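A.B. asks: Starting off with a structure, shown below.
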Amino acid sequence: MIRRATWQAVLALSCAGAMLAPATPASADTGEGKLTVNVFREYAAKGDLNPQIQTALAGATIRIRSDDSGEERFYPVGPDGTITIDFDDWLDSEGRYRIDLTDWPDKYDPATGRGFLHPAFAGSGLSSHLNYVDLRRGKDTTLNLGVWNPDDYCQDNPTLATACQQAATNPDSSKTLVTFPYNSRGDTQGNNTNPKPIADVGDTGALYGLAYRKKDKRIFSGAYAKRHTEYGRNGQGAIYVTDRTTGVTGVFAVVPNAGTTPHNQANRVDAPFSSRPGKESLGDIEISSDGSELYVVNMNDGNLYTYDATVVSALAPKRAPVKIPDTACTPAGDWRPMGLGVRDGVLYVGGVCSAESTQNVNDLRAVVWTYNPATGTFGAAPIVNEPLNFPRDPAVDPTPGNWKPWTRDNLALFPTGIQAYPQPMLSDIEVERDGGLVLGFRDRYGDQSGLQMPNANPATGMALENGNTGGDINKVCRKSDGTYHWEGSADCPRVGNEFFTGDNWYSGTIHRETAQGALALPLQQDTIASTVMDPVRTIQSGGIGWFDRTTGSRGGDPSQQGFGVVYANDGGFAKAHGLGDLELLCDEPPVQIGNRVWVDDGGGSQNTDGYESLGFPGVTVTLRDAAGNVVATKKTNAKGEYYFDHRDGLQPNTAYTVEFDKTTADTSKLPAKFRDISKLKWTPTTGPDPATNSDAVPTGGNVSSPTAVASVTTGPPGTVDHDLDAGMWAGT
């Protein structure tokens, strides 16, 4: 047995001998294969290769190094996220290379906090960012590497939350906030557990906007102006917060200047309030990517408010409110902001030019701005500015459901003798994996009418009507040059007159614009959820419909992709909007540790010399908690790699030990000198580079021990640590 000092001395002599040997330049082995590297943006935190939900990442940099020749080169990844390299002009490489993903766009820098893309999980399809390849004898190799924004993470079947809007005549115990699993389907009339009520009218009053802070499991909800409802105890500007752990709902903040118009239920079922939806109280609310800030649209003053989301309650905004630009509308007074979306640190703010003052349908427009929270400024121009004068399917057959200008405040001009009068409110924004947008449109008429209510026009007296809504879901594609294109254009093709064709009643007739404007898009899945009218087969109901994001369809029978939440007998609005916003309640991102048990030629660190590109398959790796209890057990794969993550019970910010047991290693395909397990010694933990050294300390200090143990403390949620390695060498 060689003591550590002696082992290092032998190594030094070996290196000196190598440096004194005369070098003979030679090109790479003509029999070498090619290397292909694909770089993806990942979302699912599983380490699998799934190009269907992974997007190619352009602009990354690959470093390739040969320890045999001492040569190092950098290669830019192409616009399709791929690069293929041959090594004909490399010298003395011996066909073995170290491959590192060293840089990529928006790379997170822990020193400055800038950037948001981190190394992704590795596994059966995606590799660690440091790899060793052997291209000798014409062996082509492909590496798939991933990066991710941990804030994108959501579990496979997350909980959804939505706001239930209750008629003013309903008791205070009526539900206003409910939750249910994402995979819920079917009618639920009479079911008191799914959806699960978590707040009621007495807690919140009427709501629309929802936001979720996953770090402490709190749901924020914002007041909303809707006819024949009542505000909660803190009025038009109230933001409430529900703690999922304790079940308690309280007041988080009160947004100033949110309006003054009271409800008056005694006056023809609150008919005068029909001019207020979209003009008073709060619109959408949204949490920042890192959970630190809450953004709120004040629909009364047209400002964007920002609150500190980390506190129990906020007495005032975190910073001065910012005017949401109205320059896309003519006149500017017709600008009506409402919807929000957030991704990668960018806030998207949307609204419509209502055409209320002109009553000209050609003045209706959908507008989306970007907002930079770091600078507190909006972009110089909107990224979406699209007319809404296009043909649409009927809200109620056979009358076309084309968007109409907003009704005027003078309710004597309110249209009569109608079942539907679609008026667009851009109420929600979701951001796709490729940066494209999905826009949710709420029909304002649904907030001016209801089930068996008098028409808002005083001339109609007390004659009762049933309101029907005709909202929409629209797709906006983003090109690689950063421009946005509305569905149906050459740069955003679709089949038929709309992309999301699934927003119709199950029969395909009667109601063919059933979407109601709230959206939830889990990036790791292929569907998007939307609030819809009559989601299953029970009429006069509201709930959720699930749409395929590739085809826009809900399948041959849309009712199979529907879930009922409110019904005529428990909400009071039936087809006239009984629901508010829709929010995914995602878990905090998981963590992953692990990487490699490698064949050490005696250098003490992983490199491309000799056999060091090889790993030991079949080594048993055991994860134990601080008390020594077994958490999980794995065996290294053909490359000598292993990984532990949330699926194995791994938790963030927690101390563990990782034990390597060499006795189970499969050495049958390794060079002869590494086949006898009893002669293999654990590599000393003296290497200077944490990415390439050995971390495992032999049990009992005996380098020939069957086991060696490494200690590790996992990082915060979303952390990936692929530096937990162990080497074995055939020492003498």
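A.B. asks: In region 553-589, which residues are part of a helix (DSSP H, G or I) and either buried (at least 24 other Cβ atoms within 10 Å of the Cβ) or not small (Gly, Ala, Ser) (or both)? Step through it out loud before you land on a result.
C.D. replies: Looking only at region 553-589, we keep the residues that are part of a helix (DSSP H, G or I), and these are 558-561.
Passing the criteria: PRO558, GLN560, GLN561.
A.B. asks: Filter region 66-77 for residues that are at pLDDT 95 or above and buried (at least 16 other Cβ atoms within 10 Å of the Cβ); which is nearest to TYR132 (Cα to Cα)?
C.D. replies: TYR75
A.B. asks: Of all residues in region 664-721, which are under 23 Å from VAL630 (Cα atoms) and of a type in the set (Val, Ile, Thr)?
C.D. replies: THR664, VAL697, THR699, THR707, VAL709, VAL712, THR713, THR714, THR719, VAL720
A.B. asks: Among residues belonging to region 371-389 that are under 24 Å from THR358 (Cα atoms) and not small (Gly, Ala, Ser), point out the one that is surrounded by the most Cβ atoms within 10 Å (Cβ to Cβ). Walk me through it before giving the result.
C.D. replies: Of the residues in region 371-389, the ones under 24 Å from THR358 (Cα atoms) are 381-382, 384-389.
Right, trim to not small (Gly, Ala, Ser) and you get 382, 384-389.
On the way: PRO382: 21, VAL384: 22, ASN385: 17, GLU386: 21, PRO387: 14, LEU388: 24, ASN389: 14.
Checking each candidate, the answer is LEU388.
A.B. asks: Could you identify the single residue in THR30, THR36 that is modelled with pLDDT of 95 or more and not assigned by TED's automatic domain parsing to the domain that holds ASP481? Walk me through it before giving the result.
C.D. replies: Values: THR30 fails: modelled with pLDDT of 95 or more.
Just a single option satisfies the conditions, and that option is THR36.
A.B. asks: Same structure, new question: List pairs: first residue in region 644-669 and over 23 Å from SER124 (Cβ atoms), second residue among the small types (Gly, Ala, Ser) anywhere in the structure, Cβ distance under 6 angstrom, at least six positions apart or on different chains.
C.D. replies: ALA655/ALA626; THR657/SER711
A.B. asks: Condition first: within 16 Å of ALA122 (Cβ to Cβ) and either within 17 Å of the chain's Cα centre (by Cα) or basic (Lys, Arg) (or both). Can you find one or more residues in region 63-70 that meet it? Reasoning before the result, please.
C.D. replies: Keep residues of region 63-70 that are within 16 Å of ALA122 (Cβ to Cβ), which gives none.
Scanning region 63-70, I find no residue that is within 16 Å of ALA122 (Cβ to Cβ) and either within 17 Å of the chain's Cα centre (by Cα) or basic (Lys, Arg) (or both), so the answer is no.
A.B. asks: To continue, here is another question. Which ones in region 367-377 are assigned to a strand (DSSP E or B) and either without any contact (Cβ under 8 Å) to a residue 60 or more places away in the chain or small (Gly, Ala, Ser) (or both)? Spell out the reasoning first.
C.D. replies: Let us first name the residues in region 367-377 that are assigned to a strand (DSSP E or B), namely 367-372, 377.
If the condition is that a residue be assigned to a strand (DSSP E or B) and either without any contact (Cβ under 8 Å) to a residue 60 or more places away in the chain or small (Gly, Ala, Ser) (or both), then VAL367, TRP369, THR370, ASN372, THR377 are the ones that fit.
A.B. asks: Assuming GLY291 fulfils every condition listed in (1) free of Cβ contacts under 8 Å to residues at least 24 places away in the same chain; (2) of a type outside the set (Ser, Thr, Tyr); (3) over 27 Å from HIS228 (Cα atoms) apart from one, which condition is it?
C.D. replies: (1)
A.B. asks: Just name the residue that is nearest to GLY502 (Cα to Cα) out of those in region 462-482 that are in contact (Cβ under 8 Å) with a residue 60 or more places away in the chain and either surrounded by fewer than 21 Cβ atoms within 10 Å (Cβ to Cβ) or of a type in the set (Val, Ile, Thr) (or both).
C.D. replies: Residue satisfying both the conditions and the ranking: ILE473.
A.B. asks: So, one more: Pick from region 518-547 the residues that are in contact with a Leu (Cβ under 8 Å, 6 or more places away or on another chain) and among the β-branched types (Val, Ile, Thr): which of them is surrounded by the most Cβ atoms within 10 Å (Cβ to Cβ)?
C.D. replies: The residue in question is THR531.
A.B. asks: Just to confirm my filter: which strands (runs of 3 or more DSSP E) fall fully inside region 270-325 and include at least 3 residues that are surrounded by fewer than 24 Cβ atoms within 10 Å (Cβ to Cβ)?
C.D. replies: Numbers: elements: 282-287, 293-298, 303-308.
Where strands (runs of 3 or more DSSP E) fall fully within region 270-325 and carry at least 3 residues being surrounded by fewer than 24 Cβ atoms within 10 Å (Cβ to Cβ), they are 303-308.
A.B. asks: For region 588-597, state whether one or more residues are touching a strand residue (DSSP E or B) at 6+ places or on another chain (Cβ under 7 Å), small (Gly, Ala, Ser) and within 30 Å of ASN131 (Cα to Cα).
C.D. replies: The answer is yes, given that some residue of region 588-597 is touching a strand residue (DSSP E or B) at 6+ places or on another chain (Cβ under 7 Å), small (Gly, Ala, Ser) and within 30 Å of ASN131 (Cα to Cα).
A.B. asks: Further question: Condition first: acidic (Asp, Glu) and either at positive phi or over 26 Å from the mean Cα position of the chain (by Cα) (or both). Now tell me which residues in region 301-353 satisfy that.
C.D. replies: Initially, region 301-353 is screened for residues acidic (Asp, Glu), giving 301, 308, 326, 334, 344.
Within region 301-353, ASP301, ASP326, ASP334, ASP344 meet the criteria.
A.B. asks: Just one of THR633, THR654, THR550 is surrounded by fewer than 17 Cβ atoms within 10 Å (Cβ to Cβ), within 30 Å of GLY436 (Cα to Cα) and out of contact with any Pro (no Cβ under 6 Å at 6 or more places or on another chain); which is it? Write out each step before concluding.
C.D. replies: Values: THR633 fails: within 30 Å of GLY436 (Cα to Cα); THR654 fails: within 30 Å of GLY436 (Cα to Cα).
Only one candidate passes the filter, namely THR550.
A.B. asks: When you go through (1) without any contact (Cβ under 8 Å) to a residue 24 or more places away in the chain; (2) surrounded by fewer than 20 Cβ atoms within 10 Å (Cβ to Cβ); (3) of a type in the set (Gly, Ala, Ser) one by one for GLY138, which number turns out not to apply?
C.D. replies: (1)
A.B. asks: So, one more: Answer yes or no: is there a residue in region 612-630 that is in contact with a Gly (Cβ under 6 Å, 6 or more places away or on another chain) and surrounded by fewer than 23 Cβ atoms within 10 Å (Cβ to Cβ). Let's see the steps before the verdict.
C.D. replies: Going through region 612-630, the residues in contact with a Gly (Cβ under 6 Å, 6 or more places away or on another chain) turn out to be 615-616.
Next, from what is left, pick out any that are surrounded by fewer than 23 Cβ atoms within 10 Å (Cβ to Cβ): none.
The answer is no; no qualifying residue exists.
A.B. asks: What pairs come out if I take residues in region 504-533 that are under 18 Å from MET338 (Cα atoms) and pair them with residues that are buried (at least 24 other Cβ atoms within 10 Å of the Cβ) and of a type in the set (Phe, Trp, Tyr) whose C-beta lies under 7 Å away, six or more apart or interchain?
C.D. replies: GLY517/PHE441; SER530/PHE547
A.B. asks: Give the residue, chosen from LEU439, LEU426, that is of a type outside the set (Gly, Ala, Ser), assigned by TED's automatic domain parsing to the domain that holds ASP284 and farther than 21 Å from ASP526 by Cα. Walk me through it before giving the result.
C.D. replies: On the way: LEU439 fails: farther than 21 Å from ASP526 by Cα.
Sole residue among the options that is of a type outside the set (Gly, Ala, Ser), assigned by TED's automatic domain parsing to the domain that holds ASP284 and farther than 21 Å from ASP526 by Cα: LEU426.
A.B. asks: Further, regarding this structure: Going by the conditions given, is ALA490 crowded, with 23+ Cβ neighbours inside 10 Å and either out of contact with any strand residue (DSSP E or B) (no Cβ under 6 Å at 6 or more places or on another chain) or hydrophobic (A, V, I, L, M, F, W, C) (or both)?
C.D. replies: Numbers: crowded, with 23+ Cβ neighbours inside 10 Å: no; either out of contact with any strand residue (DSSP E or B) (no Cβ under 6 Å at 6 or more places or on another chain) or hydrophobic (A, V, I, L, M, F, W, C) (or both): yes.
For ALA490, the condition - crowded, with 23+ Cβ neighbours inside 10 Å and either out of contact with any strand residue (DSSP E or B) (no Cβ under 6 Å at 6 or more places or on another chain) or hydrophobic (A, V, I, L, M, F, W, C) (or both) - is not met.
A.B. asks: Suppose we filter region 141-168 for residues that are over 24 Å from ARG343 (Cβ atoms) and surrounded by fewer than 23 Cβ atoms within 10 Å (Cβ to Cβ); how many remain?
C.D. replies: Applying the first criterion (over 24 Å from ARG343 (Cβ atoms)) to region 141-168 yields 141-143, 164-168.
Within this subset, residues satisfying the condition of being surrounded by fewer than 23 Cβ atoms within 10 Å (Cβ to Cβ) are 141-143, 168.
Selection size over region 141-168: 4.
A.B. asks: When you go through ALA412, ALA380, ALA328, ALA355 one by one, which is the residue that is part of a loop (DSSP other than H, G, I, E, B) and either without any contact (Cβ under 8 Å) to a residue 12 or more places away in the chain or more than 19 Å from TRP486 (Cβ to Cβ) (or both)? Don't jump to the end; show me each part of the working.
C.D. replies: Numbers: ALA412 fails: part of a loop (DSSP other than H, G, I, E, B); ALA328 fails: either without any contact (Cβ under 8 Å) to a residue 12 or more places away in the chain or more than 19 Å from TRP486 (Cβ to Cβ) (or both); ALA355 fails: either without any contact (Cβ under 8 Å) to a residue 12 or more places away in the chain or more than 19 Å from TRP486 (Cβ to Cβ) (or both).
Only one candidate qualifies: ALA380.
A.B. asks: Another one. Counting only residues that are of a type in the set (Val, Ile, Thr), on the phi < 0 side of the Ramachandran plot and within 39 Å of the chain's Cα centre (by Cα), give me the strands (runs of 3 or more DSSP E) lying completely in region 608-701 with at least 2 of them.
C.D. replies: On the way: elements: 620-625, 630-635, 641-645, 655-661.
Output list reads 620-625, 630-635, 655-661.
A.B. asks: Restricting the search to region 328-370, which residues are hydroxyl-bearing (Ser, Thr, Tyr), farther than 30 Å from GLY115 by Cβ and surrounded by fewer than 20 Cβ atoms within 10 Å (Cβ to Cβ)?
C.D. replies: Taking region 328-370 first, the residues hydroxyl-bearing (Ser, Thr, Tyr) are 330, 348, 354, 357-358, 370.
Imposing the further condition that a residue be farther than 30 Å from GLY115 by Cβ reduces the set to 330, 354, 357-358.
Matches in region 328-370: THR330, SER357, THR358.
The values are calculated or read from the model by the stated rules, or taken from the named source; none is laboratory data. In this text the structure is predicted, and so the values were computed from the model without any measurement. Virtual Cβ from ideal backbone geometry, glycine too; neighbours counted across all protein chains shown.
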